[in-house]
1. Less than 14 Å Cβ to Cβ from residue 300, Lys/Arg counted +1 and Asp/Glu -1: what total charge do the surrounding residues give?
2. I'm checking a number: the convex hull volume of the Cα atoms of segment 12-72, normalised per residue, in Å³. What is it?
3. Under 14 Å from the Cβ of residue 90, count the other residues' Cβ atoms, weight Lys and Arg +1, Asp and Glu -1, and hand me the total.
4. Enumerate the whole-percent occupancy of each 20 Å bin, from 0 to the last occupied one, for all C-alpha pair distances of the chain.
5. Classify segment 25-104 as rounded, prolate or oblate from the Cα gyration tensor: take a ≥ b ≥ c as the square roots of its eigenvalues, call it rounded if a/c is under 1.5, otherwise prolate when a/b beats b/c and oblate if not.
6. Can you tell me how much longer the chain between residue 202 and residue 238 gets when fully stretched, taken as 0.36 nm per residue apart minus their C-alpha distance, in nm with one decimal?
7. Taking the Cα centroid of segment 21-91 and of segment 153-182, what is the distance between the two, rounded to the nearest whole Å?
8. Counting other beta carbons within 10 Å of each Cβ, put 167, 352 in order, fewest first.
Amino acid sequence: MSVVVAPSASAAAGSGDLVKVSGASAGYYIGSDNRLYVFPNEDVYKSWYSDFSSVVTISATELNGFGAPKANITMRPGTKLVKRPIPTAPEVYAVEPGGVLRWIDSEETAITLYGANWADRVVDVVDSFFTNYQGDDAKTDKVTAVSYPAGSLVKFGSSADVYYINTDGKAQKITTESVFVANRFSWENVLTATIAMPETASDITTQNAGLVDTASGAATTGTVPGTGTGLSVALASDNPASATVIANGTDGQNAQALVSFVKLNFTASADGAVKVTNLKLKRTGISADSDVDALYLYDGDSVTTMLADGASVSSNYVTFNNSNGIFTVPAGATKSVTLRGDLLDNTGSGKTIGFQIESASDVTTDGAT
């Protein structure tokens, strides 16, 4: 999130926002690295979002401030099947996490997995965008009629339960409708299987940062070594929207406190809890270190459960340390943490203030189990 400090200034776009420029058709997603990711077309956009209500219109100058686009966004796994619009290339592919393609080896396989109307799921991807996908092993690691590709949403047998097929080929039950919605899944993508259910894995009980990563993993801050296989960190899908806040430059009193700057999701591997002992964030935007009086870490959306307090910005960075652990992420779970801060009285107008994790090394753990 970027915070605009000005009683009459317009809001600035920040990480996690969907943006466009007035009069232009192109739409962009701003990743957690504050880089632009492009939606190549409406099919790709609608595989990730149900409507355009969250798209913010910004100026061309502000858009250019994010630099050249870093990458094109690929189709969300478990939504559409893709092919090239070339008669001599009729192959149809499923899309797995990371934009990985897997060839569907026959029409019989397509009918078994996707039903008689499987072709309704197929969309054309022109060659200029087809190169965004990872297809080197698409035919050797093809989809067959005995298992669903990763990313699929499936009901098995007569049960109403919906399962997510993970990259290990295992089925993870989505426990409630609210969890289904929180992960931005669409009911129209749920398949009814005629094949046996695979081995199951842990239930999905909350929003999973990896499942809602619109940039297909390219904009995350990486994997941080920790207990078991580690800790992943990503921008929360409900990261605070850009906003105008009060600096109160007239009397030097009552500047806004506890401004929500950024919300992060920390997800631990299933084989052990992870304790975060150090967290460093970089100040971004048009601002100075002194514009923020103090910074705090809060548990999720709470304004009463403080995890760390009193830090200040120095040389563009703020660092929170606690050798006993700032917070602990339970095994196989996701913990949301929000950075909040108090603005300095008499902070000038026309400024933007944001924070981001710059690299995976900015988050460290104690390796505890």
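1. Details: positive: 263, 335, 340; negative: 238, 299, 301.
It works out to a net charge of 0.
2. Numbers: hull volume 4.9 nm³, N = 61.
For segment 12-72, the hull spanned by Cα atoms encloses 80 Å³ per residue.
3. Values: positive: 83, 84, 139; negative: 91, 105, 107, 124.
The answer is -1.
4. Calculated over all Cα pairs of the chain, the distribution is 27, 53, 18, 1 percent.
5. Numbers: a/c = 2.25, a/b = 2.11, b/c = 1.06.
Verdict is prolate for segment 25-104.
6. Numbers: separation 36, 0.36 × 36 = 12.96 nm, distance 2.39 nm.
So the chain would gain 10.6 nm between residue 202 and residue 238.
7. Using only Cα atoms, the two centres lie 26 Å from each other.
8. Values: 167 14, 352 22.
Exposure proxy ranking, most exposed first: 167, 352.
Each value in this text was obtained by applying a stated rule to the coordinates, not by laboratory testing. Note that the structure is a prediction, hence the values are computed from the model and not measured. Methodologically, a virtual Cβ is constructed for each residue, glycine included, from the backbone with ideal geometry; neighbour enumeration extends over all protein chains shown.
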